[in-house]
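Structure record follows, encoded as structure tokens.
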Amino acid sequence: EKGGYDWFMRKEIYEQPKAVADTLLGRHGADGQLKLDEIRISESELRAIDKIVIIACGTASYAGLVAKYAIEHWTRVPCEVELASEFRYRDPIVGPTTLVVAISQSGETADTLMAIRHAREQKAKVLAICNTNGSTIPRESDAVIYTHAGPEIGVASTKGFLTQLVACYLLGLYLAQVRGTRFGDEIGSLAAELDKMPAAISAVLADADQVQALAAEFVDAPSVLFLGRHVGYPVALEGALKLKELAYIHAEGFAAGELKHGPIALVEDQLPVFVVVPPQGRDLLHEKVVSNIMEIRARGARTIVLAEQGDTSVAPYADVMISLPKVSTLLQPILAIVPLQIFACELATRKGHDVDQPRNLAKSVTVE
Ligand code: M6R
């Protein structure tokens, strides 16, 4: 059942091109129009929404953070992301014109379920993004977009995360289509770009050897940092979570712009720091991340840079360059997270850990 792989997690990492393709299947037509027939919230209700609140835990919450950037950009509807475990304990402002989006792979996470119940009591519309047919969270929501990752057995989420990202992009583009925002014309081209993601993920997976070598090199590192900006920031958080969960070593993700506000004090000789660099088109952001890399390198960090293929401007400051296929900035997380998943999985297996069942963790957390 592991399909020739030694660990479910490794199998699931390699299943990601298919999981993403399956999640996109049938959701947009040749006319470039998105079809999310399963959303049982009427178009007039979707047009009346004045706020979106995304609630989720762990990896799913990082998919939500990426979604915030995309959804606000495409729809101009204010979008917040909140950890489900915090949501109902702070008297959140939600009501009939709020769309609450609950993201959960398992559909059974208690924190997320309780947050949904609270939102529905306030008459908010709840849309679930979920991978498990018939699970509790979609049953208790007004509508659901299913991700089609197939069963995810490894406790650490991989293909679950990528397909959550895809569902979030589809939702954002669909809302833009329904509400007729200024990005209407771009919907077709972004949907077409999403269709190219499975092949692009395969290209990243084909370079796994380079990441495996890195895992061997850093197997004894006591701590690893991850930096990113814009949608690269949630990627940094997710990269760090994967390493904590699987390798049991200290790892932290930071927004690169926050470095000087504290975290740079952690940087010392030989510290491995992964940096997600935005595509070159985003000049200002790109330039700023490159200068962050220069700053940490000057303090002795080993810089492992994830950047667009052919990005020569960052190469001089990278101890290791991991190249990613060219893609729109907002979609880059789909590709950038893959080497970080492989890194965590390889490093943990080298340490002799069970990557399918990391210590102290459960696949679905059914208590608050
Ligand atoms: O099933 P869910 O998506 O609701 O689970 C949420 C988190 O518990 C989950 O993503 C957790 O953080 C994973 N172990 C991450 O790899």
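The values are calculated or read from the model by the stated rules, or taken from the named source; none is laboratory data. Note that the structure is predicted; figures quoted are calculated from it, not measured. We place every Cβ from the backbone using ideal geometry, glycine too, and count neighbours over all the protein chains shown. For the accessible areas, the whole protein counts, side chains as well, though only heavy atoms, and no ligand, DNA or RNA atoms are used. Shrake-Rupley method; radii C 1.70, N 1.55, O 1.52, S 1.80 Å.
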- Note on the structure: Contour minus Cα-Cα span, Asp37 to Lys326, at 0.36 nm per residue, comes to 100.9 nm
- Using a 1.4 angstrom probe on heavy atoms only, work out the carbon and sulfur share of the accessible area of the range 1-154 in %. 51
- Task: Ignoring everything but the protein chains, give the 1.4 Å probe accessible area of Tyr69 in square angstrom, nearest 10.
- Result: 70
- Query: Long-range amide H contacts for Glu80: which residues qualify at under 5 Å (H placed 1.01 Å from N, peptide plane, sequence gap of 5 or more or a different chain)?
  - Reply: Ile52, Val53, Ile54
- Task: Any chance you could tell me what percent of the C-alpha pair distances in the range 50-92 go past 15 Å?
- Result: 39
- Using only Cα atoms, what is the ratio of the radius of gyration of the range 257-319 to 2.2 N^0.38 Å? 1.06
- Task: Would you mind getting me the FRET efficiency between His250 and Leu361? Use the beta-carbon distance for r and R0 = 22 Å, nearest 0.05.
- Result: 0.85
- Rough spin-label spacing in nm, given labels placed 7 Å along Cα→Cβ, for Gln122 and Lys2: 4.5
- Item | Per residue convex hull volume, Cα atoms of the range 118-261, in Å³ | 187
- Which cross-chain or sequence-distant (5 or more) residues have an amide H under 5 Å from the amide H of Arg302, H modelled 1.01 Å from N in plane? Gln270, Leu271, Val273
- Among the trypsin sites (Lys or Arg not before Pro) within the range 71-131, which fall in a DSSP loop and have no more than 14 other Cβ atoms within 10 Å of their own Cβ? Arg76, Lys123
- Query: Give or take rounding to whole Å, what are the principal axis extents of the alpha carbon atoms in the range 92-186, in descending order?
  - Reply: 41, 34, 20
- Query: Going by a ≥ b ≥ c, the root eigenvalues of the Cα gyration tensor, does the range 191-299 fall in the rounded group (a/c under 1.5), the prolate group (a/b larger than b/c) or the oblate group?
  - Reply: oblate
- Quote to one decimal, in nm, the extra length available between Ile264 and Arg76 on full extension: 0.36 nm per residue of separation minus the C-alpha distance between them. 64.3 nm
- Message: Over all directions, how big on average is the projection of the convex hull of the alpha-carbon atoms in the chain, in square nanometres?
- Response: 17.4
- Item | Cleavage-rule hits (GluC sites (Glu not before Pro)) in the range 249-340: DSSP loop, at most 12 neighbouring Cβ within 10 angstrom | Glu268
- Query: By what distance, in whole Å, do the Cα atoms of the range 1-48 stretch along each of the three principal axes, largest value first?
  - Reply: 50, 24, 14
- If you plug each phi of the range 235-249 into the Karplus form 6.51 cos²θ - 1.76 cosθ + 1.60 with θ = phi - 60°, what whole-Hz ³J(HN,Hα) values come out, in order, with x for Gly and Pro? 5, 4, 4, 5, x, 5, 4, 4, 5, 4, 4, 9, 9, 6, 10
- Item | Above-threshold pairs, the threshold being 31 Å between Cα atoms, out of Lys18/Lys288; Lys242/Lys288; Lys11/Lys260 | Lys18/Lys288; Lys11/Lys260
- What residues have an amide H closer than 5 Å to that of Thr147, excluding those fewer than 5 places away on the same chain, when H is modeled at 1.01 Å from N in the peptide plane? Cys130, Asn131
- Message: Counting only Cα atoms, I'd like the Rg/Rh figure for the range 314-365, Kirkwood definition for Rh.
- Response: 1.11
- Query: Once Rh for the range 150-217 is found with the Kirkwood sum over Cα pairs, what is the Stokes-Einstein diffusion coefficient at 20 °C and 1.002 mPa s, in µm²/s?
  - Reply: 148
- Of the chymotrypsin sites (Phe, Trp or Tyr not before Pro) in the range 213-274, those whose Cβ has at most 10 other Cβ within 10 Å and which sit in DSSP loop: none
- Message: How large is the Rg to Rh ratio of the range 11-121 when both quantities use alpha carbon positions and Rh follows Kirkwood?
- Response: 0.99
- Message: If Rh is defined by the Kirkwood formula over all Cα pairs and Rg also comes from Cα, what ratio Rg/Rh do you get for the range 224-275?
- Response: 0.96
- Query: Quick one: Debye curve from the C-alpha atoms of the range 221-368, no solvent, what's log10 I(q)/I(0) at q = 0.10, 0.20 Å⁻¹?
  - Reply: -0.34, -1.20
